[in-house]
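The values are calculated or read from the model by the stated rules, or taken from the named source; none is laboratory data. Everything numeric in this text was worked out from a predicted model, so none of it was measured. Counting neighbours? That spans all protein chains shown, and the Cβs are built from the backbone with ideal geometry, glycine included.
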Amino acid sequence: MKNKKKTFYFEDYNDYEFSDSKKNNKIKISLNRVAFLSFIFFSLILIFGIKIIYLSLSPEKSFYKKYAKGEFQKERRDIVDRNGSVLATNVTLYDVGVRPKLLNKKEKKNLLIKLGVLFPELNLADIQNKLDKEDFFSIGKRLTPKEKDQFWLMGNKAFVFDPKPSRIYPQQNLFSHILGQTDDTNNGISGIEKFFNEKLNDKEKINSSLRLTLDSNLQHLIRNELVKAENIFYNVGSGAILMNVENGNILSLVSLPDYDLNRRVLIDDNIYSNKITLGVYELGSVFKTFTIAAGLENKVIETNTVFKNLENSLKCDKYTISEHDKLPKNLNTEQILIRSSNIGAVRIAQKIGIEKYRNFLKILGILDTIKFDLEEIGTPLSFRWGKCKLATTSYGHGITTTPLQLAKAYAILGNGGYKIDPSIVLNKINSSKKKEQLISNKTSNEINSMLRKVVNLNEGTANFANVEGYEVAGKTGTAVKYNSKEKLNTFVSLFPSTKPKYVLLVMLDEPKSAPNYIYEFPPSLKFPKGYKYKGEMRNTSGWNTVVVAGKIIEKIGPILAINNLEASKSF
């Protein structure tokens, strides 16, 4: 019997039909995927295209503009002078660091070679040591964008650039004692920067500058003459202040030596202190003006009151008071000031008395700490009044004050006796506010007339300041520094003397005699064309500080006359 195999099949499903159906499904799935991916791709292109067009049409929305050129830099208000010249501003500077771990031995060697070529001032030995031992170190701080780009163009992956808003001072040394400095967090640590730190950080006024009363042109000219003086009189330092006697606005304030504010160094040596505002000194015969003004104001003397039989010296306790030169036995009040008589000043002070004299100095603001726009302010030394102290104070010895206070006192004497408050920040002046008169017009006029004669008469001590056309008045002061044989010489001037507009104080610290300097005497009745003189060995204010003041007035006078109609008419 044969075995029969049974088979079965479906007529509607064969191998060919199954295979074709599977293939069609795959094609459909692939087409769907392509369509989906194409949609995503073109959507992204559309989104980025719209974004690019939006950014290009709206530059004010730019990230770079907002953070690199806008708010990022405006961390602190600018400081400008009275004419709008920028004295302090913020810019973006860069700190550059190095991450040695990102470099292999060969790359470190190549880096040192490039640094040596591009930056020969760098200490390569120190850098090599840090590359081998440290994880990160700084290679440059407060770099300008140009300096930063020099590092960036090296294309080294180990460099790290840290942009920082930084304070810079375009005038460098010119206003160092006034502006002061900021720290690494952009906060003031000295000078104007510290005193007005809150106002300078006021974000509501970030686009308005803090305007000072100072004039960069005048500051430059005055500083330049003080620098020249160092090469003639070999003084260790100097200072000058120029102030408007009517409103107390300070147009220039210089103290030497100074320093570049853009260099972050510690200034802790006393020679760098502000000699005009912080320095407290005995200033010598410039005080004789106060003694005579006090006598006139208290009506114990007149300008023509004669003092007879004046000694050449006198004793007070264990001290001897003497004249600087041999003077006539009989001098009137005016001659005592013109010839700068010590004994004459003592006689006047004795007439005034301690209480009245002390009160007069207090009114002028000589004895107390002055309120000013800086923290760097000196305080006059206190002392006990007595007969001998009254005598020495009358000619400026045994009493101290700051040059700023001295200038203020002379401004009050010169402006008709009205109170002023010195300032270096420009404020709107309320012209309707009534001025407080401290001293009579009569006393002021008489003092101005006498101070003019100190300058323009042959027997006066300040002939070298008799600059033609400016009616300079003033008084010299020569003082021996405490526990030293060195001198501090001062000259305070008012001009024009008929109606003073400005007070200029010049001070030289430890000047030397200048026998090789050719002194040029101005025209006088005795010498109509003037004359020249060489070989002077004296080292008093009349032979150095007055010379410098005269040179300064020659330079700044035309600027003051041009910029000020009242001064122009007076001249």
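Residues being in a helix (DSSP H, G or I) and in contact (Cβ under 8 Å) with a residue 12 or more places away in the chain: count how many of those fall in the stretch 199-223.
Residues that pass the stated criteria total 11.
Among the residues of the stretch 78-91 satisfying the criterion of being in contact with a helix residue (DSSP H, G or I) (Cβ under 8 Å, 6 or more places away or on another chain) and over 15 Å from residue 183 (Cα atoms), which is surrounded by the fewest Cβ atoms within 10 Å (Cβ to Cβ)?
83
Based on this model, can you work out whether residue 314 counts as in the same structural domain as residue 375 (by TED's automatic domain parsing), crowded, with 17+ Cβ neighbours inside 10 Å and outside any helix (DSSP H, G or I)?
no
Please work out which residue is surrounded by the most Cβ atoms within 10 Å (Cβ to Cβ), limiting yourself to the stretch 460-474 and to residues that are of a type in the set (A, V, I, L, M, F, W, C) and in contact with a Gly (Cβ under 6 Å, 6 or more places away or on another chain).
Only one residue fits best here, namely 465.
Being assigned by TED's automatic domain parsing to the domain that holds residue 460, over 26 Å from residue 182 (Cα atoms), in contact (Cβ under 8 Å) with a residue 40 or more places away in the chain and assigned to a loop (DSSP other than H, G, I, E, B) narrows it down to one residue among 300, 286; which is it?
Exactly one of 300, 286 is assigned by TED's automatic domain parsing to the domain that holds residue 460, over 26 Å from residue 182 (Cα atoms), in contact (Cβ under 8 Å) with a residue 40 or more places away in the chain and assigned to a loop (DSSP other than H, G, I, E, B), namely 300.
Restricting to the stretch 128-152, name every residue that is farther than 17 Å from residue 91 by Cα, surrounded by 13 or more Cβ atoms within 10 Å (Cβ to Cβ) and without any contact (Cβ under 8 Å) to a residue 24 or more places away in the chain.
128, 152
Enumerate the pairs (first residue in the stretch 429-440 and basic (Lys, Arg); second residue anywhere and modelled with pLDDT of 95 or more and surrounded by 10 or more Cβ atoms within 10 Å (Cβ to Cβ)) with beta-carbon separation below 6 Å, excluding pairs fewer than 6 apart on the same chain, so at least 6 apart or on different chains.
Note: pairs meeting the criteria are 435/418.
Among the candidates 161, 195, 175, 151, single out the residue that is of a type in the set (Phe, Trp, Tyr) and out of contact with any strand residue (DSSP E or B) (no Cβ under 6 Å at 6 or more places or on another chain).
195
Taking the condition surrounded by fewer than 13 Cβ atoms within 10 Å (Cβ to Cβ) and either at pLDDT below 85 or not in a loop (DSSP other than H, G, I, E, B) (or both), does residue 155 pass?
yes
Report yes if some residue within the stretch 532-548 is under 26 Å from residue 249 (Cβ atoms), touching a residue at least 60 places away in the same chain (Cβ under 8 Å), in contact with a Leu (Cβ under 8 Å, 6 or more places away or on another chain) and part of a loop (DSSP other than H, G, I, E, B); otherwise report no.
Scanning the stretch 532-548, I find no residue that is under 26 Å from residue 249 (Cβ atoms), touching a residue at least 60 places away in the same chain (Cβ under 8 Å), in contact with a Leu (Cβ under 8 Å, 6 or more places away or on another chain) and part of a loop (DSSP other than H, G, I, E, B), so the answer is no.
Which ones in the stretch 368-385 are free of Cβ contacts under 8 Å to residues at least 24 places away in the same chain and of a type outside the set (D, E, K, R)?
Scanning the stretch 368-385 gives 369, 382, 383.
So, residue 374, is that one of a type in the set (A, V, I, L, M), surrounded by 17 or more Cβ atoms within 10 Å (Cβ to Cβ) and touching a His at 6+ places or on another chain (Cβ under 9 Å) or not?
yes
Based on what the data block shows, is residue 419 among the basic types (Lys, Arg), modelled with pLDDT of 95 or more and either surrounded by fewer than 22 Cβ atoms within 10 Å (Cβ to Cβ) or more than 20 Å from residue 492 (Cα to Cα) (or both)?
Spelling it out, residue 419 is indeed among the basic types (Lys, Arg), modelled with pLDDT of 95 or more and either surrounded by fewer than 22 Cβ atoms within 10 Å (Cβ to Cβ) or more than 20 Å from residue 492 (Cα to Cα) (or both).
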